[in-house]
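What follows is a set of notes on a single structure, which appears directly below.
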Amino acid sequence: MTLEGRITIDLFPEQGAVKIASSRPLTITRQFTGHRPEDVVRTVSLLFATCRAAQTIASAEAFEDALGLETPESTKRVRALLVLAETTREHALRILMDWPLFLRAPEQSQDAALKSLMRIDRDLTRSLDGNGDASRLAGASKCLKDGAMAPIAELTALLEQAVLGEDLNSWGKRGSLSDLVEWAETRNTPAARLFCQLADDDLFGAGASGISSLPPLDGHAVAVRLFSEEADQFIAQPEWEGLPRETSPLTRSKDHPLVDCLKSEAGHGLGARLVACLVELARTPAQMVAILEALDDGAEWATRGEGAGVGQVEAARGRLVHAAALTGEKVRLYRILAPTEWNFHPKGGAACSLERIATTGGGGCAKLARLFVTAVDPCVGADVRVH
């Protein structure tokens, strides 16, 4: 069972207008009412094929908050590792599968790299979460550390060979437009060739617009919104402090020198969004190693109280929020607020960027818009239609 739906984006170049609609089944969580927390967490892990670890962990954290459970630091760290591994896999999949589709010249199949990526992801996930239950992980151990180090090393080698074409440390030191162009001109990988093509076509700034980053959310404040009578509208087209917000790799990395150098007076465009994914990819293996080295043997779970709770996880595509309210041992209300709804708000930053592309993209606006949508990366399929 999977939770799907699609995003439909209609461009009207003559009017310079864009219409974004969603068929995602956002009220499916009503089915969780009356069930036990552990059953809901298990269902969430089966329901969401995309970003399963982030969804499961956000669900578990919402219930832990509602039940007043103090989560051990070791469990938090293993969960952070699982989310980082999942984020790396999702970014790499998009880069290896989707980015080559926008190159003018035909590309060789990336099947070998994709198979290696999925095998490494399985090995890494099993080493971190051998029982397949990311909701409540056992304490860390030397065995877990040793088991995870090997797939992280393999993942690093794959990213260096198939995505960046150079070692992660060297790429991570690039911080200027000339550095980016120098890397792109190597044309060592499909990602580099795509950036070279964008540079040649002067498209780094395509769709440039300002973004309004989603700020840190107070758990109580967001729970009030998610459990109010207007919750359905808030979940479908969320706004915070009266503004559509964005939560994405771009908002997480907008202060990185390589992302910042692509910002124009109009804001961040296509190049900044694509490079933000590469920036995150280049630094995640080192982040995973640092977390592994800080692991200890775990601690006991402690209880504080019970009621309502919120879990927030920075998933591959942005911040994911789960909220749960309990009556006794059963779920009374359950809500999910996903990054897709923030990032593809009909009046949000992506919509403004797509309006610019519809107005200035000329005969190639359809392909350019599809690449832009790929850069923002919804967690479901998206249809781009030009009228």
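Result for the chain in a Gaussian network model with C-alpha springs under 10 Å: among PRO257, PRO106, PRO13, the largest mean-square fluctuation is at PRO106.
If you take the beta carbon distance between LYS367 and LYS173 as r and set R0 to 41 Å, what does 1/(1 + (r/R0)^6) give as a FRET efficiency, to the nearest 0.05?
On the way: r = 33 Å, r/R0 = 0.79.
Computed FRET efficiency for LYS367 and LYS173 comes out at 0.80.
Applying 0.36 nm per residue to the separation of LYS19 and ARG42 and subtracting their alpha-carbon distance, the gain on full extension is 4.7 nm. Couplings 3J(HN,Hα) of segment 232-239, computed from phi: 4, 5, 5, 5, 6, 9, x, 9 Hz, in residue order, whole Hz [Karplus 6.51 cos²θ - 1.76 cosθ + 1.60, θ = phi - 60°; x for Gly and Pro]. Global dimensions of the chain from alpha-carbon coordinates: Rg and Dmax equal 21.0, 63 Å.
I need ASP65, ASP232, ASP255, ASP377 ordered by Cβ neighbour count within 10 Å, fewest first. The partial results should precede the final answer.
Numbers: ASP65 24, ASP232 13, ASP255 8, ASP377 21.
By the 10 Å Cβ count, ascending: ASP255, ASP232, ASP377, ASP65.
The Cα atoms of segment 26-133 cover 55, 33, 18 Å along the three principal axes, with the biggest extent listed first. Calculated mean residue ellipticity at 222 nm for the chain: -14500 deg cm²/dmol, from DSSP H runs with n ≥ 4 weighted as -39500 (n - 2.57), summed, divided by the residue count and rounded to 500. With no solvent and one equal point scatterer placed on each C-alpha of segment 343-387, evaluate the Debye formula and give log10 I(q)/I(0) for q = 0.20 Å⁻¹, two decimals. For segment 343-387, the Cα-only Debye profile gives -0.60. As I understand it, the value is the acute angle between the Cα axis of helix 52-67 and the longest principal axis of the Cα atoms of the chain; what does it come to in degrees, rounded to 10? Roughly 40 degrees between the two axes. As a rough footprinting exposure proxy, the listed residues LYS115, LYS19, LYS263 were ranked by other beta carbons within 10 Å of their own, and the order from fewest upward is LYS115, LYS19, LYS263. Counting neighbouring beta carbons within 10 Å and listing from fewest to most, the residues GLU239, GLU355 come out as GLU239, GLU355. Can you bin segment 154-243 into rounded, prolate or oblate? Criterion: square roots of the alpha carbon gyration tensor eigenvalues sorted a ≥ b ≥ c, rounded for a/c under 1.5, prolate for a/b above b/c, oblate for the rest. Prolate, because a/c is 1.5 or more and a/b exceeds b/c.
Take the Cα radius of gyration of segment 1-88 and divide it by 2.2 N^0.38 Å, N being the number of residues; the result is 1.45.
Calculated on C-alpha atoms, the gyration radius of segment 197-260 divided by its Kirkwood radius gives an Rg/Rh of 1.13.
Coordinate-derived values only; no laboratory data. Model, not experiment: these values are computed from the prediction. Reconstructed Cβ throughout: ideal geometry from the backbone, glycine too, with neighbour counts over all protein chains shown.
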